[in-house]
Amino acid sequence: MTINERVDKLRLLMQKNNIDTYIITKFDPHQSEYAPARYDSVKFISGFTGSNATAVITEDKAMLWTDGRYFIQAAKQIQGTYFDLQKENHPNFPDYQTFVRNSTKKGGCATFDGKCMSTLAAKNLAEKLSAKNINCKIDIDLLDEIWEDRPELSNNKIFDLLINYAGKSRSEKLEEIRKIMSGENIDVYVISSLDDIAWLFNLRGNDVPYNTTFASYAIVEQDSAVLFVDSEKISDCVEILRQDNVTVKKYNEIFDYIKNIDKNKFFGFDENRTNYALYTEITSNFRSKNIKEITVDLKACKNKIEIENLKSVNIRDSVYLLRFIKWIKENVGKEKITELDVEKKLIELRSKDKNFLFPSFNTIAAYMPNAAMMHYSATEESHAVIEPKGFLLVDSGGQYLDGTTDVTRTIVLGKIDEQMKRDFTLTLKSNISLARAIFLDGTCGVTLDMLARQPMWNNLMDYKCGTGHGIGFCLGVHEGPQNISLRPVAAPLKEGMIISNEPGVYRENMYGIRTETTILVKFHAESEFGRFLSFETISPCPIDLEAIDVSLLTQDEIKWINAFHEDVFNKLSPFLNEDERYFLRLQTLDI
């Protein structure tokens, strides 16, 4: 069945159910960034595979919204279908909620699956539609009627993450949660976000490729906690959880369980991370309030053991990346190597680590023009053969028991021109500018974003994505609340937070460049003006010296690069054989 045939079938069902507008989100019932295949609804209806998208279908229009990371990719993937690309946060395009309001007749019906939209998003949509008295129906999933062989949820086993990795027991974490609940006068705290549940209960799974989370809900009260999860998946951990007074119930029982809670109890939940169907169940029966997810800040600030583990895992991961760089430089042009071979080689190298689980995201191995697409992914049907010239961008990472990694290097494979060197060096200057930042405690990422962009802006250049995102601990490679971007997020950077530092240059149909390191927020100094923080770069992988135009660097930047490479050599060399150490020495020479 083609994309257009799917849209035609959906429209017939819309007519049958008196639906004027049908909204399809990228989310599962837990607002996960990466949804299980069962909820990859935008991909099913449009063919677009990016991680951020909303599709809207009307009687005569099919629209797809996504952000700047995916404009090039989306345009290619929806070509030849009914869909038109709509660019998020672009002045020439309306947001999808405005489009729904303008395209739905007065008194008409706009429909979406209430489990697959956050409460906050649903309430904002309803507010926009209220002026035209447009009704929102949330209890119908039309895609289920046309989606043949729709995937089932995973039944992969869940395992206990030991305290020597996690640093804190689940009992300690539950105690912290309950103290905050008391301060908020909350009797029942409902958690829907999967990474928060996995973190709180020190459990990990693998329901979605590259992720260690599992489909679940949780309810915490002062004297008990309930985890709603598939019983078969959790069977190995039930007794361990019982010892910490955590009861396990079936995944779908949460709605019935809530109905039987004492009606005098007061509920708390995060509207941005709780689906609208669950919200309506709670608010129709109980007093409640919206609070920021309690677990988010606790999870974001890594404890001492987690930080030690993350430093160790980033050193080992950098060893595997170095071995990959050596292999690609020495073998390109001598044997056929494709972008797909890059991913296989990285998995082969990382798999030798006793703590390695699987990649932390789909490896971006992008040669030349493909690298201009920030989130490009090679497939069996479409991939490039790598030649001994130009740039290869490799963005990859691993899920290990002792942490999550995410590093990008742009590798020189042969001849490059002056513009490529210039762009590479400007990207490096941007990375260094952020890495060297000293900032007042309480500063948010949006304030620091300009430090990274300044070398670009000085040359009338920019990159259409954020500069940095939070990274979890054996969890999501993207983790909030912290980020560094132009988007104003009210989340101060705090000690113990792990963030990526990844400026880049993307020239459509030519090449892409990104230098991504992992940085740790740490205490710097205190003065009469306040408490100051800074960053420590903890991913010691060399930066390709062949692409650096030293004439564009300041003396301070040259000192930073040389000190960084000295640190790289000192940390990686103990793990290497003589041949590998010699290669590393050449990659870390002073400039």
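The values are calculated or read from the model by the stated rules, or taken from the named source; none is laboratory data. Owing to the predicted nature of the structure, the values given are computational and were not obtained by experimental measurement. Here the Cβ positions follow ideal geometry from the backbone for every residue, glycine too, while neighbour counts run over all protein chains shown. These accessible areas exclude ligands, DNA and RNA; they are computed on the full protein's heavy atoms, side chains included. Shrake-Rupley method; radii C 1.70, N 1.55, O 1.52, S 1.80 Å.
Side notes on the structure shown:
- When region 281-297 is filtered for residues that are open to solvent by less than 50 Å² (accessible area, probe 1.4 Å) and either assigned to a helix (DSSP H, G or I) or not hydrophobic (A, V, I, L, M, F, W, C) (or both), the ones remaining, listed by number, are E281, I282, S288, E293, I294, T295, V296, D297.
- D353 passes every criterion in (1) open to solvent by less than 20 Å² (accessible area, probe 1.4 Å); (2) under 30 Å from D141 (Cβ atoms); (3) not in a helix (DSSP H, G or I) apart from (2).
- Subset tally (residues that are under 19 Å from the mean Cα position of the chain (by Cα) and open to solvent by 60 Å² or more (accessible area, probe 1.4 Å)) for region 437-470: 1
- Lone unmet requirement of (1) part of a helix (DSSP H, G or I); (2) in contact with a strand residue (DSSP E or B) (Cβ under 9 Å, 6 or more places away or on another chain); (3) open to solvent by 40 Å² or more (accessible area, probe 1.4 Å) for R273: (1)
- Y70 meets each of the listed conditions (1) in contact with a Lys or Arg (Cβ under 9 Å, 6 or more places away or on another chain); (2) crowded, with 22+ Cβ neighbours inside 10 Å; (3) farther than 22 Å from T119 by Cα apart from (1).
- Hey, Y257 among the aromatic types (F, W, Y) and buried (at least 18 other Cβ atoms within 10 Å of the Cβ) or not: no
- Residue check for K334: in contact with a Leu (Cβ under 9 Å, 6 or more places away or on another chain), farther than 22 Å from E502 by Cα and free of Cβ contacts under 8 Å to residues at least 12 places away in the same chain: no
- Residue in region 415-429 that is under 22 Å from I347 (Cα atoms), open to solvent by 10 Å² or more (accessible area, probe 1.4 Å) and either modelled with pLDDT of 95 or more or in contact with a helix residue (DSSP H, G or I) (Cβ under 8 Å, 6 or more places away or on another chain) (or both) present: no
- Residues located in region 294-337, provided they are within 21 Å of H565 (Cβ to Cβ) and among the β-branched types (V, I, T): V313, I315, V319, I325, I328
- Residues (open to solvent by 20 Å² or more (accessible area, probe 1.4 Å) and either of a type in the set (V, I, T) or within 21 Å of the chain's Cα centre (by Cα) (or both)) located in region 379-400: T379, V385
- G476 vs. criteria closer than 30 Å to L203 by Cβ, crowded, with 16+ Cβ neighbours inside 10 Å and touching a residue at least 40 places away in the same chain (Cβ under 8 Å): yes
- Filter pass, I261 being part of a loop (DSSP other than H, G, I, E, B), touching a residue at least 60 places away in the same chain (Cβ under 8 Å) and farther than 25 Å from G476 by Cα: yes
- Close pairs from region 176-197: first open to solvent by less than 50 Å² (accessible area, probe 1.4 Å), partner among the hydroxyl-bearing types (S, T, Y), Cβ under 6 Å, at least 6 apart: M181/Y189; S192/Y217; S192/T274; L194/S32; L194/T213; D195/T213; D196/T295; I197/S216
- Flag for S360 being touching a Phe, Trp or Tyr at 6+ places or on another chain (Cβ under 9 Å) and open to solvent by less than 50 Å² (accessible area, probe 1.4 Å): yes
- Every residue from region 471-490 that is more than 11 Å from the chain's Cα centre (by Cα), outside any strand (DSSP E or B) and at pLDDT 95 or above: F473, C474, S485
- Candidates in region 124-152 are the residues that are under 19 Å from R38 (Cβ atoms) and acidic (D, E); of these, the one that is least open to solvent (accessible area, probe 1.4 Å) is D141.
- Of the residues making up region 200-212, those that are open to solvent by less than 10 Å² (accessible area, probe 1.4 Å) and either under 18 Å from N272 (Cα atoms) or not basic (K, R) (or both) are L200, F201, N202, L203, G205, T212.
- Selection count where residues are within 23 Å of L203 (Cβ to Cβ) and assigned to a loop (DSSP other than H, G, I, E, B), scope region 491-501: 2
- Filter result (loosely packed, with under 14 Cβ neighbours inside 10 Å and charged (D, E, K, R)) within region 213-248: D223, E232, D236, E239, R242
- Count of region 100-110 residues which are open to solvent by 70 Å² or more (accessible area, probe 1.4 Å) and part of a loop (DSSP other than H, G, I, E, B): 2
- N155 being at pLDDT below 95, surrounded by fewer than 23 Cβ atoms within 10 Å (Cβ to Cβ) and within 27 Å of M117 (Cα to Cα): yes
- Counted residues, region 502-542 - those being assigned to a strand (DSSP E or B), more than 18 Å from A300 (Cβ to Cβ) and under 19 Å from the mean Cα position of the chain (by Cα): 4
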